[in-house]
Amino acid sequence: MSNLPDEAFRDTIGTIDEGGKRKFIFPKKPSGKFYEYRKIVSYVLLAILFINPFIKVNGNQFMMFNILERRFNIFGFPFWPQDFYLFVISMLVGVVFIILFTVVFGRIFCGWICPQTIFLEMVFRRIEYWIDGDRGSQSRLARMEWNGEKIRKRFLKWTIFFLISFLIANIFLAYLVGSDTLFLMIEQGPIAQASNFIALLIFTGIFYFVFVWFREQVCIIACPYGRLQGVLLDNKSINVAYDFVRGEKEEGRAKFKKNEDRALTGKGDCIDCLQCVHVCPMGIDIRNGTQLECTNCTACIDECDHIMESVGLPKGLIRYASEDEIAKKEPFKFTARMKGYTAVLFILLSIFVGMLFLRTDVQAVVLRLPGQLFQHDGEKISNVYTYKIVNKTMKDYNDIHFELIDQKGEIKNVGKRHFKVAKEGISQGTLFIEIDEVLLESDKTKVKIGVYNGSELIETTTTNFLGPRSFN
């Protein structure tokens, strides 16, 4: 999307030097309208992120992703392994939403919502600016020989970074194993909860490594989303873009000269001050066009607007705009491609909501015991079954029993006829179904079984009942 003939910049990455070694970026501290908006959005999202695992809805954690036990809570709704199809559909809804958002607004998710960007730019970098100073001070400190000042600043910064990484790891663990388990680990200590404590230390190390050393490389190397934008974006997508028509004009960029009429000389509005490059946390030059590394963080917009204002030129040289808006002056339109993604998103949402309403709090499965035929007991025919009841709620069911709904017969449990299924628990066992032979119309009869808690019907299930009719 660049108007420049030289595309050599795409062959290099701002975080790697000519020798192939890591080059650390020391971006200028951003300021401006968009940065203030981003701070508000970021701190609201951080508050939500930190509070979510400690909120309970009907006894269920508001958000939990227990991968090991395959239990997930989303907005207080528990999803068990039996509900995995619902979890898959919810993830598909999220993916399609991000795709649609990217097609329309570019990589705005990365700059405004992504936890990696929020933590790095709004937490760790702000602490770094407080301890090490702005761009010039950080660069000088990095080149400085190890002395008292450098040791003090590095020790203070790395200690604070470690403590924050440890805090983030605790929150992350609360999402994975549940906040109750996290509190139990704090209460019992690391020895009694050795496996969880080891996981906590591993997560702390990962977060510390990411935010102290790896940083923006996550977005460039590890995250696939930056590469997806090459497929998703087109000339109608809104991005953080440099207005090359206005910035270059006939004579191209030129340094600012006081009292010069740039419109008369044909020079572009870009005064080549490089402030948009210095403030970029990814180390790119936005004037080269849309690039893999750009996260749409808007730091260059704020900086360019400040420069334009100081030299008496109109703001918006770098702004949210599409390629067609800049090159052809075309207003934004909701294209057929965008409408297609919207339709897919609406269909997936409808399916998800419909399945969510059909989902039950208790799931019962009754299956015939493999390899067993029917048995005669006088005039009655008996089949043996195994059952499994899953209680997905946070309340106990203390009086569970089975009854046939659409067939005259009797259900006999092996063991107690009435039994208990604890909250978030599973009950399994064996039962017999007996039906008079004269009531069977074929060798295979479908029977409907009701699962009751006391007198309340809480679930129904069906199974097949084998009889002797085919042998008569």
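A few notes on this one:
- Residue list for segment 444-455, filter: over 17 Å from Asp406 (Cα atoms) and either in a strand (DSSP E or B) or open to solvent by less than 20 Å² (accessible area, probe 1.4 Å) (or both): Asn453
- Remark: pairs (first residue in segment 441-464, of a type in the set (D, E, K, R); second residue modelled with pLDDT under 90 and open to solvent by less than 30 Å² (accessible area, probe 1.4 Å); Cβ separation under 7 Å; 6+ apart in sequence or on different chains) = Asp443/Gly467; Glu459/Val362.
- Cβ separations smaller than 9 Å between residues 6+ apart or across chains give the following pairs from segment 148-165 residues that are closer than 13 Å to Trp130 by Cα to residues that are loosely packed, with under 10 Cβ neighbours inside 10 Å: Arg154/Trp146.
- The single condition from (1) in contact (Cβ under 8 Å) with a residue 40 or more places away in the chain; (2) open to solvent by 30 Å² or more (accessible area, probe 1.4 Å); (3) out of contact with any Asp or Glu (no Cβ under 6 Å at 6 or more places or on another chain); (4) over 21 Å from Ile160 (Cα atoms) that Asn235 fails is (3).
- Among the residues making up segment 261-306, those that are more than 30 Å from Arg22 (Cβ to Cβ) and in a helix (DSSP H, G or I) are Arg262, Ala263, Leu264, Thr265, Asp305, His306.
- Of the strands (runs of 3 or more DSSP E) lying entirely inside segment 353-422, those containing at least 3 residues that are surrounded by 13 or more Cβ atoms within 10 Å (Cβ to Cβ) are 362-368, 380-391, 397-404, 410-413, 419-421.
- Test: Phe346 is within 30 Å of the chain's Cα centre (by Cα), under 23 Å from Phe109 (Cβ atoms), at pLDDT below 90 and open to solvent by 20 Å² or more (accessible area, probe 1.4 Å): no
- Residue selection: Glu441 satisfies the criterion of being touching a Lys or Arg at 6+ places or on another chain (Cβ under 8 Å), open to solvent by 70 Å² or more (accessible area, probe 1.4 Å) and acidic (Asp, Glu).
- The single condition among (1) part of a strand (DSSP E or B); (2) in contact with a Leu (Cβ under 8 Å, 6 or more places away or on another chain); (3) not hydroxyl-bearing (Ser, Thr, Tyr) that Leu100 does not meet is (1).
- Test for Arg227: is it touching a Leu at 6+ places or on another chain (Cβ under 8 Å), crowded, with 20+ Cβ neighbours inside 10 Å, farther than 26 Å from Pro314 by Cβ and basic (Lys, Arg): no
- Neighbours by Cβ (under 6 Å, 6+ apart or cross-chain): first from segment 296-317, at positive phi and at pLDDT below 95; second part of a loop (DSSP other than H, G, I, E, B) and open to solvent by less than 30 Å² (accessible area, probe 1.4 Å): Asn296/Gly106; Asn296/Arg107
- One residue stands out among those in segment 423-432 that are in a loop (DSSP other than H, G, I, E, B) and either open to solvent by 60 Å² or more (accessible area, probe 1.4 Å) or in contact with a strand residue (DSSP E or B) (Cβ under 6 Å, 6 or more places away or on another chain) (or both): the one that is farthest from Arg70 (Cα to Cα), which is Lys423.
- Residues of segment 95-119 satisfying the condition of being of a type in the set (Phe, Trp, Tyr) and either open to solvent by 60 Å² or more (accessible area, probe 1.4 Å) or under 17 Å from Arg337 (Cβ atoms) (or both): Phe97, Phe101, Phe105
The values are calculated or read from the model by the stated rules, or taken from the named source; none is laboratory data. Just so it is clear, the structure is predicted and the values come from calculations on it, not from any experiment. Every residue, glycine among them, receives a Cβ derived from its backbone with ideal geometry; neighbour counts consider all protein chains shown. The accessibility values were calculated without ligands, DNA or RNA, using every heavy atom of the protein model including side chains. Shrake-Rupley method; radii C 1.70, N 1.55, O 1.52, S 1.80 Å.
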